[in-house]
Each structure stands twice: as C-alpha cells, then as structure tokens.
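Before any comments, here is the structure.
The values are calculated or read from the model by the stated rules, or taken from the named source; none is laboratory data. Quick caveat, the model's predicted, so the values are computed rather than measured. Glycine also receives a Cβ, built like all others from the backbone with ideal geometry; neighbour counts cover every protein chain displayed. What goes into the accessible areas is simple: the full protein's heavy atoms, side chains included, and nothing from ligands, DNA or RNA. Shrake-Rupley method; radii C 1.70, N 1.55, O 1.52, S 1.80 Å.
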Amino acid sequence: MFDISKLRVDGKVKLDEIDPQDTTEWDGDRAEAEALTVELNQRLEALQELLYAEGKHKVLFVLQAMDAGGKDGTIRHVLDGVNPSGVKVASFKAPSKKELAHDYLWRIHAHTPGTGEMVVFNRSHYEDVLIVRVLGLVPKSVWSKRYEHIANFEQLLVDEGTTIIKVMLHISKEEQRERLQDRLDKPHKNWKFDPGDLVHRERWADYMEAFEDALAKTSTKDAPWYVVPANRKWYRNLAISEILVQTLESLNMEFPPAAPDIADTVIPD
Ligand code: ATP
Ligand code: MG
C-alpha cells in the first residue's frame with residue numbers, strides 16, 4: 001500500500017532535502033503504477049458519486065506549484081473520468097481591481113465547495129504568501145500576518161464540514177528548465193510560454209523559502225499539506241490519486257437510505 005503519510009508535512013520542512021525525482025513510496029515499476037492509477041481513478045469516480053449522493057461532506061483540494069510544475073496535467077489525469085458536473089476547478093490568476101479592493105480571502109471564499117461538492121483550487125490563497133511575498137507586492141508587515149489568517153480560515157471551513165487536502169507539486173529547477181524549453185521548442189506549446197515565468201525562475205530560492213514557511217505554518221491535522229515529488233509525472237499522478245482516494249475513503253461515506261417501500265414499488269406503464 002502507498003503510505004501517503006510519508007508525504008505529509010508535519011512541522012518544519014526542508015525542500016532541498018526532498019528529491020523531486022523520488023519514487024520510493026512505490027515499489028513497483030512505471031507500468032504497474034499507471035495501471036493502479038487507472039484503477040484509483042475509477043474508485044475516485046465512485047467516491048465522488050457517493051460524496052454527492054450522501055450530501056454531507058464538502059471537499060477542497062488545493063494545488064500549488066512553481067510554473068510548469070504540472071498543475072494542469074495533474075487535474076487532467078487525476079480527475080479523468082470523474083463526473084464533470086460533480087467537480088469544479090477554480091483557477092486563481094492575478095487579482096482584478098475589484099478583487100484587490102477586498103481582503104485577499106474574499107475571492108477565495110466565494111469558490112469553496114458546498115455540500116456534496118468537490119472543488120479543486122488551481123493556485124489559491126497561498127499565492128498571497130508566495131508571489132506576493134517574493135515580489136514584495138505588499139509589505140512584510142502585511143503578508144507575515146497571513147499565515148495565521150489562512151490557518152484560521154481553513155479551520156473555519158473544516159469546522160463547517162469541509163475536508164481539505166493541500167498538495168505542493170515539487171519539481172526541480174532543472175526539470176522546470178526542460179519543461180519551459182519544451183514550451184519554446186514545440187509550436188503547439190508556444191502559447192503556454194509566459195516570459196514572466198523567467199522572472200519567477202530567477203527567484204527560485206526565495207520561492208522555496210516562501211513555500212517552506214507556508215507549508216510549516218499551515219499544515220495541520222485537519223488541513224494537511226503533502227509535498228509530492230513531481231519530476232516524474234506517473235509517480236505524481238499515482239501519489240495524488242492515492243492521497244485523494246485514501247482521504248475520501250476515510251470519510252466512511254454512505255448512500256442515503258432508499259425510499260420506504262421501494263421493494264414493492266411498481267413503475268406504471
Ligand atoms: P501555467 O502554469 O499553465 O502557466 P498558471 O496557473 O501559471 O498556468 P497564468 O495565467 O500563467 O496561469 O498565471 C497566473 C499568475 O497569477 C501566476 O503568476 C500567479 O502567481 C498569479 N497570481 C495568482 N494569485 C495571485 C495573487 N493573489 N497575487 C498576485 N498574483 C497572483
Ligand atoms: Mg503561468
């Protein structure tokens with residue numbers, strides 16, 4: 001069994017001690033991992049239906065990564081087959097003027113899942129302690145208070161019935177270089193290349209430091225962070241599928257009871 005607790009953040013974390021190339025939680029080969037991922041996908045599909053039918057829990061899956069870290073690919077592969085009407089993806093880009101006029105959690109709260117729903121955050125409120133901190137978009141006196149706000153905000157969601165799973169896709173700087181180069185080399189990928197990504201790349205070390213702080217300060221029992229080594233996409237997909245399936249299974253969800261007299265009910269012609 002894939003031990004997801006090994007990827008969970010508990011206290012301080014040193015990202016340079018976690019190998020983005022690592023695959024040690026899996027003892028089979030790549031083909032076996034891919035086969036299992038397909039199976040997990042079917043389980044996830046059934047779990048999502050149960051989540052909706054039971055109508056009791058809300059599920060929030062937060063995805064963060066450096067540029068080209070694989071957020072879109074993860075969403076495509078891991079949620080492949082899950083009923084699209086049961087899952088929403090909310091992507092958070094640079095805030096609009098209206099969003100900036102409010103506190104940074106305002107736009108986030110509006111997208112949190114309702115009962116029976118699963119929502120994936122492609123980037124999230126963590127940008128407000130990542131890019132915002134690294135580029136100094138607000139002073140330290142402002143961003144440094146945000147870890148506590150975020151922990152409290154997430155606790156509020158948890159107390160009101162939300163299950164929160166947070167994943168950082170951990171790629172190496174070299175892997176990012178190759179993926180960005182690929183976006184330059186392949187005409188059908190050119191559209192994905194954003195010259196601005198190079199600005200963030202230059203600040204890699206600062207981003208890692210900001211990630212380490214965010215992970216250490218906001219990984220809680222109820223809203224844990226997982227650092228998933230993500231250079232190898234097959235391992236990343238397997239690990240995240242396991243995290244989602246194991247977390248949803250731990251909710252022990254049940255279908256609601258059938259209507260009374262269902263056995264005697266005859267559908268009229
Ligand atoms: P891809 O990885 O495919 O490039 P993306 O998620 O990077 O997709 P983009 O539209 O390229 O999507 O970038 C969104 C940008 O918005 C990112 O640079 C991100 O850091 C930035 N952003 C998100 N939230 C905030 C925020 N609260 N404040 C400032 N910038 C933000
Ligand atoms: Mg981008």
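Couple of notes before you dig in:
- The range 220-241, residues that are over 13 Å from the mean Cα position of the chain (by Cα) and in contact (Cβ under 8 Å) with a residue 60 or more places away in the chain: Thr220, Asp222, Pro229, Asn231, Arg232, Lys233, Trp234, Tyr235, Leu238
- Once the range 235-251 is narrowed to residues that are among the aliphatic types (A, V, I, L, M) and part of a helix (DSSP H, G or I), the residue that is farthest from Gly70 (Cα to Cα) is Leu248.
- The residues in the range 121-149 that are within 18 Å of Thr220 (Cα to Cα), more than 10 Å from ligand 1 (Cβ to nearest atom) and touching a Lys or Arg at 6+ places or on another chain (Cβ under 7 Å) can be counted, and the count is 1.
- One residue stands out among those in the range 70-88 that are within 12 Å of ligand 1 (Cβ to nearest atom) and surrounded by 17 or more Cβ atoms within 10 Å (Cβ to Cβ): the one that is nearest to Gln176 (Cα to Cα), which is Gly70.
- With respect to the stated conditions, Asn231 is more than 16 Å from ligand 2 (Cβ to nearest atom), touching a Pro at 6+ places or on another chain (Cβ under 6 Å) and either assigned to a helix (DSSP H, G or I) or open to solvent by less than 30 Å² (accessible area, probe 1.4 Å) (or both).
- Checking each residue in the range 176-218 for being more than 16 Å from ligand 2 (Cβ to nearest atom) and assigned to a loop (DSSP other than H, G, I, E, B) picks out only Lys186.
- Near pairs, Cβ below 6 angstrom, 6+ apart or cross-chain, from the range 103-127 (over 23 Å from Leu244 (Cβ atoms)) to any residue that is away from ligand 1 (no atom under 11 Å from the Cβ): Leu105/Phe153
- Any hit, the range 137-148, residues being closer than 30 Å to Glu49 by Cβ, surrounded by 18 or more Cβ atoms within 10 Å (Cβ to Cβ) and away from ligand 2 (no atom under 16 Å from the Cβ): no
- Checking each residue of the range 169-182 against the condition of being without any contact (Cβ under 8 Å) to a residue 24 or more places away in the chain, within 14 Å of ligand 1 (Cβ to nearest atom), open to solvent by 30 Å² or more (accessible area, probe 1.4 Å) and not polar (S, T, N, Q) gives at least one match.
- Restricting attention to the range 89-119, the residues that are within 16 Å of ligand 2 (Cβ to nearest atom) and either open to solvent by 30 Å² or more (accessible area, probe 1.4 Å) or under 11 Å from Val59 (Cβ atoms) (or both) add up to 5.
- Matching option when the condition is out of contact with any helix residue (DSSP H, G or I) (no Cβ under 6 Å at 6 or more places or on another chain), open to solvent by less than 50 Å² (accessible area, probe 1.4 Å), more than 16 Å from ligand 1 (Cβ to nearest atom) and at pLDDT 95 or above, among Leu40, Leu60: Leu60
- Test: residue in the range 206-218 that is in contact (Cβ under 8 Å) with a residue 24 or more places away in the chain and farther than 17 Å from Tyr126 by Cβ: no
- Single residue of Pro224, Pro260 found to be open to solvent by 80 Å² or more (accessible area, probe 1.4 Å) and on the phi < 0 side of the Ramachandran plot: Pro260
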